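Written below as structure tokens is the structure these notes are about.
Where a number appears in this text, it was derived from the coordinates with a stated rule and is not lab data. Computed from a predicted model, the values in this text were never measured in an experiment. Cβ sites come from the backbone with ideal geometry, for glycine too, and all protein chains shown count toward neighbours.
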Amino acid sequence: MTCIANRIARLGLAGSVALLAAVPVSAATPTHQPVEAWSAMQGVAPAALLQDIEDMPLSDMAIDDQPYCASDAEIAQTLDHDFSERRVDAEGNTELWGSDQMGTWTLVAAREDQTSCIIASGIGYTDRREAEVYFRTAGL
């Protein structure tokens, strides 16, 4: 009897693992989760940051609080590695990056010198929402 009970328990555990693996990642970030945004610089709206983006130093040369600015490749690698975010859309020189897996999103302002700056980020990302929602939530 113990052998049968152990076998049933193992089958039940295997079934649970299979069920969890089959649940889509998007279930972790439902569309009813509110979209929230934060400016990359406390007290400064993302729209104001966007206006001054070309004059901001790269982050390794910054002397004051400022948005994270780095090469386009470094920004992309950081968003991919740290947040599993991918480029989703663009409006003008501002790119939306998002992760269904993490439910996070980031607005990145591209500059003419092959560098970019993060101007806003937030939570509540899902690819089932229009990109405009994230731009609007950030005040752009």
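Of all residues in segment 88-111, those satisfying the criterion of being in contact with a Leu (Cβ under 8 Å, 6 or more places away or on another chain) and surrounded by 16 or more Cβ atoms within 10 Å (Cβ to Cβ) are V88, T94, E95, L96, W97, W105, T106, L107, V108, A109. Within the set Q101, Q114, the sole residue that is under 11 Å from the mean Cα position of the chain (by Cα) and not small (G, A, S) turns out to be Q101.
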